[in-house]
Amino acid sequence: MNQHPKIVVYTAIMGKRDRLLEASPHPDADYICYTDDSELSSETWTIRHIDASQNPRLTARRLKLLPHELFPEYKYSIWHDATLSLVATPRTALDYLKDNKIALFKHSRRINVYQEAREVLILKRDLPSCVIPQIKRYRQECFFDNVLCATGVLIREHNHPDIKRLMTFWWEELSQNSVRDQLSFNYAAWKTNTPFSIIPGNILNNPLFTAQPRLDSKTRNHKEAEAELRSSLSIRGRGILRNTRNYLVCKLRWGI
């Protein structure tokens with residue numbers, strides 16, 4: 001392996017929410033996992049321990065959004081949530097950049113940030129006081145998108161000036177509003193006039209990654225977590241009904 005490979009594959013695990021799947025190492029890339037778990041170890045990942053005690057969620061988001069601060073020596077980075085495992089070669093993943101400097105998946109069930117905001121509110125993923133002013137501001141600025149991106153995978157030429165500008169803007173938007181990064185990526189791309197490529201398929205069904213269930217307070221064991229993952233795969237066909245229900249509830253309760 002070269003001393004400084006041009007590609008870094010990285011992820012983060014905070015608060016022991018996920019299991020770290022061993023990577024399938026490729027000589028073109030380094031594999032780095034950030035964590036606040038002092039006991040986490042791996043045979044295939046380089047573990048970087050950090051202190052995330054003040055705000056684990058925001059710490060993980062900063063790592064995710066600002067690779068140019070972490071990896072100035074690498075030309076390309078591939079972020080994936082720890083619930084995913086890269087099964088293709090890193091070079092294959094880079095092909096999906098095409099003519100742009102960032103590539104990611106389209107969301108499989110929602111088409112814009114307004115539907116995403118309603119889902120966040122219904123599922124109580126963030127406080128209404130964080131989400132509602134943000135979304136109302138987007139409407140006031142006449143922002144509308146019809147390709148909501150899923151941000152669990154980010155393939156980037158992260159030191160390119162356009163991507164550094166996009167990521168910095170995205171981080172500032174997220175750190176001052178909702179921590180749910182899918183609410184602000186498309187807006188950030190629009191404000192910075194940054195094009196992006198869409199990877200075919202969706203984040204749970206594609207040739208690049210496989211998914212594992214997340215372990216958290218609502219999924220206390222592996223069997224329950226796996227059942228939750230299967231459920232998330234099966235509800236895609238009910239997306240229109242779900243989004244309609246969310247619209248009616250949020251319109252009545254919060255006026256959005």
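Just so you know, all these numbers are worked out from the coordinates, no wet-lab data involved. Model, not experiment: these values are computed from the prediction. Note: ideal-geometry Cβ built from the backbone for every residue, glycine included; neighbour counts use all protein chains shown.
Between Thr168, Leu84, Phe144, whose Cα lies farthest towards the positive end of the dipole of the range 7-253 when Lys and Arg beta carbons carry +1 and Asp and Glu beta carbons carry -1, centred on the Cα centre?
Farthest along the dipole direction, towards plus: Phe144.
Report relative contact order for the range 7-253 in percent, whole number only (criteria: Cα-Cα under 8 Å, sequence separation at least 6).
Dividing the mean separation by the residue count of the range 7-253 yields 24 percent.
For a 26 Å ceiling on Cα separation, which of these pairs sit above it: Lys106/Lys136; Lys98/Lys136; Lys101/Lys136; Lys16/Lys98; Lys6/Lys101; Lys64/Lys191?
Lys98/Lys136; Lys101/Lys136; Lys16/Lys98
Which number do you get for Rg(Cα) / (2.2 N^0.38 Å) in the chain?
Scaled against compact globular proteins, the figure is 0.99.
For the chain, what does -39500 (n - 2.57) per DSSP helix run (n ≥ 4), summed and divided by total residues, give at 222 nm, in deg cm²/dmol to the nearest 500?
After summing the helix terms and dividing by residue count, I get -11000 deg cm²/dmol.
Just for the Cα atoms in the range 59-167, what are the lengths along the principal axes, largest first, rounded to whole Å?
Rounded to whole Å, the extents work out to 39, 29, 29 Å.
Arrange the peptides 149-158, 130-139, 191-200 so that the one whose residues have, on average, the most other Cβ atoms within 10 Å appears first.
149-158, 130-139, 191-200
Where both residues lie in the chain, what percent of DSSP beta bridges are antiparallel, nearest 5? Please report the intermediate quantities before stating the final value.
On the way: 13 of 31 bridges.
For the chain, the DSSP antiparallel bridge percentage is about 40.
Please work out the FRET efficiency for the pair Ile256 and Arg48, using the Cβ-Cβ distance as r and a Förster radius of 35 Å; give the result to the nearest 0.05. Each step should come with its number before you reach the end.
Numbers: r = 39 Å, r/R0 = 1.11.
Taking R0 as 35 Å, the efficiency between Ile256 and Arg48 is 0.35.
Considering only His80, His160, His107, give the residue with the highest GNM mean-square fluctuation for the chain, with springs between Cα atoms whenever their separation is below 10 Å.
Its mean-square fluctuation being the largest, the pick is His160.
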